[in-house]
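What follows is a single structure, written as structure tokens, with notes after it.
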Amino acid sequence: MNELALLADTAGLEVVGETTQKLDRPNPETYIGSGKVEEIVALAEEFLANVVIFDIELSPRHQRELEEHLGADVKVLDRTALILDIFAQHANTREGILQVQLAQNEYRLPRLTRAWTHLARQAGGGGGRAGSVGGVGLRGPGETQLEVDRREIRRHIKFLKEELEKVRAHRQRYRAQRKRSRIPLISLVGYTNAGKSTLLNQLAKADVYVANQLFATLDPTTRRIELPGGNNALITDTVGFIQKLPTQLIAAFQATLEEITEADLLVHVVDITHPNAAAQAQSVEETLKEIGAEHIPMIIALNKIDRLPDPAAAQQALQTFPNAVAISALKKVGFDELLQLVNAELFENYSRISVQIPYTEGQLISLFHEQGQVDRIENTRKGVFIQGSLPGRLVARYKPFEAASPDTGAPDEEAESFEESGKNQ
């Protein structure tokens, strides 16, 4: 509920009260019980509230019934609608606006009936049932307008998806060019308002917008940073995650979230001062799994240690989170240790892997020889089987081709096999 209040504040609303209810199962009409509905109606009248927000996603029917009880002057929002509104306020680039519009239209489509029920009631006439004459159903003006509206939204959704596909294609070309440069990519991930943008600004001397509010940054920003030993890397700030992130947003922001799935290393920024830090971290990991990024190497940066009343608490937290380092993005505390750990993950730590790479992926075969340590290689009809070690930053690229043993397929007289020990070809 505290998080919902923060979301409301970010959307520009003033919270004047709250109430909760435990339910064994939702009420089929109003989600909450009839007594709780009466309580909320009374509270809305007492505080002169014009918006009631539910911390769940309401079905179109629940939303319609609740608004009928609360009256025409009170708007009912669910968590998804509130987050979509915040995203609409904060989207600045064309890509961000397209993504938010797509999510909003897909959310609105099944809820259109609410806007036209007054017209549907006016349809029909005489003593018979509204909208029917002689037992034959006729479409009234409300239903006609509803279908027109639905077609318009579906057409707009199709247009938005086509435009976002162009954005995705552009990003894929950009990523392919970036991979050819062999500069590794680091993606900052984490719960919204954990301090990712502040960390990017401090590491890369950038000027990404920073604010003490949820979802201050929507559009990904990429900058170059220098690591110990003279190594370079690109670092990207991505949209923050949140518990119960609407599925419409995950789908609409797929082009942006691909920046995470294509990363060589994730730096998971955790606000260690938050009372629900562990739950927030788990929510981020669940979202990473949902978008297919759980296999990418990850470092956890426990941020905002400068705000801890007891500095020893940071050391205790390090024992809870694996591969973690304590930092203060604002005060630049712990940056040396963080950068050393990033450099080790990208350039020093090697992981054993066995892969069978199709001949069509010649660039990956060459990259393994150039950047990895090849212990065994075998050419088969289906591709090149390689056993060896790779830097941690490259492992994610080869995950789709992992194989315990070579799949030789049909015999091939020209297939060659040989073993190399300790060589880096």
Under a Cβ-Cβ cut-off of 12 Å, what is the net charge of the residues other than T80 that fall near it, where Lys and Arg count +1 and Asp and Glu count -1? -1
So for the pair E68, L6, with labels modelled 7 Å out along Cα→Cβ, what separation do we get in nm? 3.7
Please label the shape of segment 183-348 as rounded, prolate or oblate, based on the square roots a ≥ b ≥ c of the eigenvalues of the alpha-carbon gyration tensor (a/c under 1.5 means rounded; beyond that, a/b larger than b/c means prolate, else oblate). rounded
Would you mind counting up the charge near L188? Only other residues with Cβ under 9 Å from its Cβ, with Lys and Arg at +1 and Asp and Glu at -1. 0
Using alpha carbon centroids, what distance separates segment 24-60 and segment 369-405, in Å? 57
For N231 paired with E45, estimate the spin-label separation in nm (one decimal), with each label point 7 Å from Cα along the Cα-to-Cβ line. 6.7
Among beta bridges that DSSP assigns inside segment 183-348, antiparallel share in %, nearest 5: 25
With each label point set 7 Å from Cα along the Cα-Cβ vector, what nm distance links R151 and R173? 3.5
Sum of side-chain charges, P391 neighbourhood, beta-carbon under 9 Å (Lys, Arg +1; Asp, Glu -1): -2
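FYI, it's all coordinate maths here, none of it is from the lab. The structure presented is a predicted model; accordingly, all values stated were derived computationally and were not measured. Glycine also receives a Cβ, built like all others from the backbone with ideal geometry; neighbour counts cover every protein chain displayed.
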